[in-house]
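Okay, so here's the structure we're looking at.
The values are calculated or read from the model by the stated rules, or taken from the named source; none is laboratory data. Values in this document were obtained by computation on a predicted structure and should not be read as measured data. Positions of Cβ are backbone-derived with ideal geometry, glycine not excepted, and every protein chain shown enters the neighbour counts.
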Amino acid sequence: MELPPPWTKVSEIDALKYEDEYAVEIEKGHPLYGVPVRAIGWRNDTGEVLFSLLRHLCDYATVKLTWSGEPEDSSTMPEFVLYLDENDFRGLPHTHKYDDDIPF
């Protein structure tokens, strides 16, 4: 995915750092607990990380990691925003992925 400004793609080495911190901070009770991710971008101005969600109804999430190095004891920390798909992340209109010829 091509990232819009001010997002920057992350290197494989940096992606592993973000993914490791995500794994530490996302504690049982957090809505993203148990969701495997792949870090694909970050924002220098806010510190948010863009993750591709590998097994979730939504395709992407931005997560504001705390870099505490410890599990967060809150279901709201770290803060996050879910995005249905790439268009949602970019703020573009949605297009459905279903075949119009399928009768319901």
(message) Exactly one condition in (1) out of contact with any strand residue (DSSP E or B) (no Cβ under 9 Å at 6 or more places or on another chain); (2) under 19 Å from Ile13 (Cα atoms) is false for Thr76; which is it?
(response) (2)
(message) Restricting to region 1-30, and then to whatever is part of a loop (DSSP other than H, G, I, E, B) and surrounded by 13 or more Cβ atoms within 10 Å (Cβ to Cβ), can you tell me which residue is modelled with the lowest pLDDT?
(response) Met1
(request) Can you confirm whether region 8-23 contains a residue that is farther than 18 Å from Glu79 by Cα, in contact (Cβ under 8 Å) with a residue 12 or more places away in the chain and touching a Ser or Thr at 6+ places or on another chain (Cβ under 9 Å)? (result) no
(message) Restricting to region 43-63, give me the number of residues that are modelled with pLDDT of 95 or more and in a strand (DSSP E or B).
(response) 9
(message) With the structure loaded, tell me whether Val35 is assigned to a loop (DSSP other than H, G, I, E, B) and at pLDDT 95 or above or whether it fails that test.
(response) yes
(request) Would you check which residues across region 23-38 are of a type in the set (A, V, I, L, M) and in contact with a Lys or Arg (Cβ under 8 Å, 6 or more places away or on another chain) and list them? (result) Val35
(request) Would you check which residues across region 82-92 are surrounded by 14 or more Cβ atoms within 10 Å (Cβ to Cβ) and outside any helix (DSSP H, G or I) and list them? (result) Leu82, Tyr83, Asp85
(message) Show the residue pairs meeting these rules: Cβ distance below 7 Å; 6+ apart or different chains; first residue within region 71-89 and at negative phi; second residue part of a loop (DSSP other than H, G, I, E, B) and of a type in the set (D, E, K, R).
(response) Pro71/Glu27; Glu72/Glu27; Asp73/Glu27; Pro78/Glu72; Tyr83/Asp59; Leu84/Asp59; Asp85/Asp59; Glu86/Asp59
(request) Give me a count of the residues in region 64-80 that are part of a loop (DSSP other than H, G, I, E, B) and either crowded, with 17+ Cβ neighbours inside 10 Å or hydroxyl-bearing (Ser, Thr, Tyr) (or both). (result) 9
(message) Here is a check on your reading of the model: is Ala23 within 12 Å of the chain's Cα centre (by Cα) and not acidic (Asp, Glu)?
(response) no
